[in-house]
Amino acid sequence: MSEPDTKRSGIPLGSVFGVPVSLAWSWFLITGFIVVVFGPTVARAMPGLGYGAYAVAFTYAVLLAISVLIHELAHALTAKAFGWPGARITLNLWGGHTQFSSFNATPGRSLAVAMAGPAANFVLAGLGYWLLLWVQPTGVPYLLWDIVIWANLLVAIFNVLPGLPLDGGRLVESAVWRYTGNQDRGTIAAGWAGRVLVILVVGFFVIGPLVQDKPLDLQVLIIAVLVGGFMWVGASQGITHAKLRLRLPLVKVRELMEPATAIRQDSTLAEVAARLADRGGRVILIDSTGMPVAVIDEATLHTIDEAVLAQSPALSAARALGSGAVVDADADGRALIGYLATLQGSEYAVIDSGHRVVGLLSQARIVSAITGKPH
């Protein structure tokens, strides 16, 4: 995976145990929300603080970010233990997330990496509670200590709920993955479980009070809507991406390509027209080494007067192919998609095992095969 643009994604904070960490600009939004909402609560609990109550709220936001960092580090370090490369942590509006480069996983390892985060929060909550009993702080230290303990406990419990995009969603994914042998089917199941969780969460915090004729707490309503929206979007994205991956086996070059033949780029348009009349299909121009360089644009060719075709170079009615835009006729699936991502352009010459041009593959046909929508 390429390195993200840290200037655009946020503020680089260095690395912890070799794992790069950055602070997304959206983190300041959630921090502002915490200060505005939690500050008045602190002020009511400790009237003598005055505006210092908002400083306490900000400190809580920072401590919460540290808890999230430890949660994400648990994911990253567990993944590193399994040899997964390229871990990178970003602290953001929704807490944080850990990205990895491409890797091969198993249901068990995927679950272990996912559960490491909530486990770290449970440990922090337990250790914090034990120290709280031993140290017995008072005032602001006690308030912050206590709220961080509860925050870690709630974050851990919330994250083990069985549905994407929560860590507990990997429990559903891994179970279905192990049963079916297909990770993407597991992801779809976990995504639907996440959608059910959203309905239950919104129902409990929003619909429940309305049915019982109880007043809604505005803060609870805002948080429920934000968290529910985040979960629904994350679950839906997981389902969509998994469905696309399930269709990747349908991406077969020989089935998607248009038949084509090759002709030298120094040929005339008259020779191109003769080739089209003789064999049909598409015509791809090759250089002296046999490398495909362009594809004849038949719409342009048909606008040229037949009387000048013999004097017109083939390249005058052709679209250039991207550098190295050549694919194997027998390629398919994920390997093909990964390879095409490294090429320029949206058209690719297809060659057989004898390095002869046999077809033209367009990006539009690939997208249609993956999405199931006509191009």
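Brief remarks follow.
- Flag if residue 221 is modelled with pLDDT under 90 and assigned to a helix (DSSP H, G or I): yes
- Residue pairs whose Cβ atoms lie under 8 Å apart, separated by 6 or more positions or on different chains, with the first residue in segment 200-221 and without any contact (Cβ under 8 Å) to a residue 40 or more places away in the chain and the second open to solvent by less than 60 Å² (accessible area, probe 1.4 Å) and of a type in the set (D, E, K, R), do not occur.
- Residue list for segment 246-262, restricted to those being closer than 27 Å to residue 187 by Cα and in a strand (DSSP E or B): 252
- Residue 73 being open to solvent by 30 Å² or more (accessible area, probe 1.4 Å), assigned by the TED database to the domain that holds residue 178, on the phi < 0 side of the Ramachandran plot and part of a helix (DSSP H, G or I): no
- Search result, residues across segment 116-158 that are closer than 30 Å to residue 239 by Cα and free of Cβ contacts under 8 Å to residues at least 60 places away in the same chain: 116, 117, 118, 119, 120, 121, 122, 153, 154, 156, 157, 158
- Pairs where the first residue, in segment 34-59, is touching a residue at least 24 places away in the same chain (Cβ under 8 Å) and more than 18 Å from residue 138 (Cα to Cα) and the second is open to solvent by 80 Å² or more (accessible area, probe 1.4 Å) and hydroxyl-bearing (Ser, Thr, Tyr), C-beta under 6 Å, 6+ apart: 35/54
- In segment 87-108, the residue that is nearest to the chain's Cα centre (by Cα) out of those that are in a loop (DSSP other than H, G, I, E, B) and crowded, with 17+ Cβ neighbours inside 10 Å is 100.
- Members of segment 240-269 that are closer than 30 Å to residue 312 by Cβ and open to solvent by 40 Å² or more (accessible area, probe 1.4 Å): 258, 259, 264, 265, 266
- Leading residue by the ranking (modelled with the lowest pLDDT) among those in segment 293-306 that are in contact with a helix residue (DSSP H, G or I) (Cβ under 7 Å, 6 or more places away or on another chain) and open to solvent by less than 30 Å² (accessible area, probe 1.4 Å): 301
- Annotation: of all residues in segment 307-328 being open to solvent by 70 Å² or more (accessible area, probe 1.4 Å) and modelled with pLDDT of 90 or more, the one that is nearest to the chain's Cα centre (by Cα) is 328.
- Yes/no for residue 81 being under 26 Å from residue 227 (Cβ atoms) and assigned by the TED database to the domain that holds residue 155: no
- Residue list for segment 128-185, filter: hydroxyl-bearing (Ser, Thr, Tyr) and over 16 Å from residue 67 (Cβ atoms): 138, 142, 174, 179, 180
- Any hit, segment 347-364, residues being farther than 26 Å from residue 264 by Cβ and either open to solvent by less than 30 Å² (accessible area, probe 1.4 Å) or touching a residue at least 24 places away in the same chain (Cβ under 8 Å) (or both): no
- Within segment 276-292, the only residue that satisfies the criterion of being of a type in the set (Val, Ile, Thr) and open to solvent by 40 Å² or more (accessible area, probe 1.4 Å) is 289.
- Scanning segment 76-86 for residues that are assigned to a loop (DSSP other than H, G, I, E, B) and either open to solvent by 40 Å² or more (accessible area, probe 1.4 Å) or among the aliphatic types (A, V, I, L, M) (or both) turns up 82, 83, 85, 86.
- Which listed residue is part of a helix (DSSP H, G or I) and either assigned by the TED database to the domain that holds residue 97 or over 26 Å from residue 97 (Cα atoms) (or both), from 166, 161, 171: 171
The values are calculated or read from the model by the stated rules, or taken from the named source; none is laboratory data. Please read all numbers here as calculations on a predicted model, not as lab measurements. As a convention, Cβ positions derive from the backbone with ideal geometry for all residues, glycine included, and neighbour counts pool all protein chains shown. Side chains are part of the model used for accessible areas, which takes the heavy atoms of the whole protein and leaves out ligands, DNA and RNA. Shrake-Rupley method; radii C 1.70, N 1.55, O 1.52, S 1.80 Å.
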